[in-house]
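K.L.:
Right, I'll just put the structure down here and ask away after.
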Amino acid sequence: MAAGRFLDHARPRALLESALAAGELPPAFLFTGPHGVGKEEAALELAMALNCMAAAPDPGLDLFTAPVGGSDEVPGTGTSGEDEPGSRLGGCRVCSNCDRIVRYAHPDVIVRLPLPRPKKKSGEPADPSEALAWKATHPYRDPVIEGGNLTIGIADVRAEVKKLGMAPVEGGRRVIIFREAEKMTDNAQNALLKSLEEPPAHTLFVLTTDRPQSLLPTVLSRCRTLYFGPLAAPVIAGWLRDRGVASEHEHLPVLARGSLKRALAIAGGDIPGRQEALQLLQWAAAGERVRALRWAAEHTFRSGQGAQIHARALLGELLSLLRDVAALQSGREDLQNPDRSDLLGSLATGIGAGRIEKALAETLQASGEVDSFVNLALIYTGLYEAISPA
């Protein structure tokens, strides 16, 4: 199964198609927004628009058209199928170029993603072929990559920059995509700066990230930014229903928080970090200091990619739960965790509004510290202290 249709991003689509129609693409795009909403898929759609061998893309096959609740046409974007060739996103999905692009196999559409640094050949670029081959057959999931800290290193960037002096292999437009660009090292970002500013006319860069604040300001300033917002719960529900994805979670489209990848992950099992976040909240509300601190001590000086992913998931769940407690305290009922409304209601009653505000601030700060390999026990202890009674 190749990368398939995605959903519900009318504004980015309109902006990209306007640039395509005018022939005014910038040297580099930054696609940003929550994880799992279609940023990489959009980059592939753009690559197909620039390299498709058909006279015009098939209007029924682009990733942005939502099949839920209406026609495929997005008002004001010229998507009725009568556009000029090259003026809309996507490709025919039939020609050799489109087929290879969605399989990550086109020589002029290059995808780099965070990988472990090669151990045997220090200074050599990492080989993304295995991860991309897996991604081609699992388009809506992230590859599980073992091997410690995952980065896009300076060798990876230099490997692509040195190709810029040569024409594209097949004479079309070269598109270089840096997936999860926030994991580029500072040296790698600096090595990319000049190319972002003055690439050859036949080359386009696309960086995707859900954490643009992690990129150097000099990189951000050289990219045109497009924001991809969360998907609406009915859109996710329709997508899952059309594909027969079942889940024990009745509120799955809401729990997904706008991310199709998150929805699929939840459907396949538990929500990472959620149970621990709930437990931490309950301990804090009950003043169970010893149990909370004993748990936090287990995370002392933990580091590495696995610990980071675990901590980021836990903090994300805690932030969502605290947000719901604050919402209930202010009289709102639009919860992100409706399946735990009873527990959240009791927490809203038992934890003062001032403590919730402090805990939200602490959680946001902790989320920014996780990538710095700080002592996780200190982070979790600080969160407990913020929520617990004085």
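What follows draws every value from the coordinates through simple rules; no lab data is involved. Note that the structure is a prediction, hence the values are computed from the model and not measured. Positions of Cβ are generated from backbone atoms using ideal geometry, with glycine treated the same way; all protein chains shown enter the neighbour counts.
K.L.:
I need the semi-axes of the equivalent ellipsoid of the chain: take the C-alpha gyration tensor, multiply each eigenvalue by 5, square-root it, list largest first in whole angstrom.
P.N.:
Listed largest to smallest, the semi-axes of the chain are 39, 26, 17 Å.
K.L.:
Where does helix 353-369 land angle-wise versus the long Cα axis of the chain, in degrees 0 to 90, nearest 10?
P.N.:
Its long axis makes an angle of about 40 degrees.
K.L.:
Ok, one more. Would you mind computing, in nm to one decimal, how far apart the modelled labels at GLU197 and ARG289 are, each placed 7 Å from Cα along Cα→Cβ?
P.N.:
In this crude spin-label approximation the distance works out to 5.5 nm.
K.L.:
Okay, next question. Pick out, in residue order, every one of the GluC sites (Glu not before Pro) in the stretch 311-360 that is DSSP loop and has at most 10 other C-beta atoms within 10 Å; say none if there are none.
P.N.:
GLU333
K.L.:
Let me ask something else about it. Would you mind ranking THR208, THR185, THR32, THR225 so that the residue whose beta carbon has the fewest other beta carbons within 10 Å leads the list?
P.N.:
Arranged by neighbour count, lowest to highest, THR208, THR185, THR32, THR225 become THR225, THR185, THR32, THR208.
K.L.:
Another question, if that's okay. At 10 °C and a viscosity of 1.306 mPa s, what translational diffusion coefficient does Stokes-Einstein give for the stretch 169-308, taking Rh as the Kirkwood radius over Cα pairs? Give it in µm²/s as a whole number. Each step should come with its number before you reach the end.
P.N.:
Values: Rh = 19.3 Å.
Taking Rh from Cα pairs, D becomes 82 µm²/s.
K.L.:
Can you pull the Rg over Rh of the stretch 274-387, Cα-only, Kirkwood? List each step's numbers first, then the result.
P.N.:
On the way: Rg = 13.5 Å, Rh = 14.1 Å.
Result for the stretch 274-387 is an Rg/Rh of 0.96.
K.L.:
Taking the Kirkwood radius as the inverse of the mean 1/r across Cα pairs, report the Rg/Rh of the stretch 139-181.
P.N.:
Working: Rg = 13.8 Å, Rh = 13.1 Å.
Ratio of gyration radius to Kirkwood radius for the stretch 139-181: 1.06.
K.L.:
Cut-off is 10 Å between beta-carbons; in what order do LYS358, LYS119, LYS183, LYS163 appear when sorted fewest neighbours first?
P.N.:
The fewest-first ordering by Cβ neighbours comes to LYS119, LYS358, LYS163, LYS183.
K.L.:
Tell me, in nm to one decimal, what length is gained between SER330 and ALA353 on full extension, where the rule is 0.36 nm per residue of separation less the Cα-Cα distance?
P.N.:
Result: 7.4 nm gained on full extension.
K.L.:
What dipole magnitude, in Debye to the nearest 20, does the stretch 183-331 give about its Cα centre under +1 on Lys/Arg Cβ and -1 on Asp/Glu Cβ?
P.N.:
That gives the stretch 183-331 a dipole magnitude of about 160 debye.
K.L.:
Using a Förster radius of 51 Å, what is the FRET efficiency between GLU24 and ASP339 based on their Cβ-Cβ separation? Nearest 0.05, please.
P.N.:
0.60
K.L.:
So, one more: What is the Cα centroid distance between the stretch 89-158 and the stretch 159-181, reported in whole angstrom?
P.N.:
Value for the Cα centre distance between the two parts: 13 Å.
K.L.:
Where nothing but the Cβ of Lys and Arg (+1) and of Asp and Glu (-1) is charged, how large is the charge dipole of the chain around its Cα centre, in debye to the nearest 20?
P.N.:
980
K.L.:
Need one number: convex hull volume per residue for the stretch 105-180, Cα atoms only, in Å³. Let's see the in-between values first.
P.N.:
Values: hull volume 7.8 nm³, N = 76.
Cα convex hull per residue, to the nearest whole number: 102 Å³.
K.L.:
Continuing with this model, one more query. Based on the Cβ-Cβ distance from ALA297 to LYS119, what FRET efficiency comes out when R0 is 22 Å, to the nearest 0.05? The partial results should precede the final answer.
P.N.:
On the way: r = 32 Å, r/R0 = 1.47.
Calculated value: 0.10.
K.L.:
Report, to the nearest 10°, how far helix 376-387 tilts away from the longest principal axis of the Cα atoms in the chain, using its own Cα long axis and a range of 0 to 90°.
P.N.:
For 376-387 against the chain, the angle is about 60 degrees.
K.L.:
Shifting gears a bit: Starting from the Cα of GLU250, move 7 Å in the Cα-to-Cβ direction to define the label point; list residues of the stretch 317-339 whose amide nitrogen is under 16 Å from there.
P.N.:
335-339
K.L.:
So for LEU318, LEU264, fewest C-beta neighbours within 10 Å to most, what's the order? Numbers along the way, then the final one.
P.N.:
On the way: LEU318 26, LEU264 21.
So the residues, fewest neighbours to most, are LEU264, LEU318.
K.L.:
With +1 on each Lys and Arg Cβ and -1 on each Asp and Glu Cβ, and nothing else charged, work out how big the dipole of the stretch 102-249 is about its Cα centre, in Debye to the nearest 20.
P.N.:
In debye, rounded to 20, the stretch 102-249 gives about 220.
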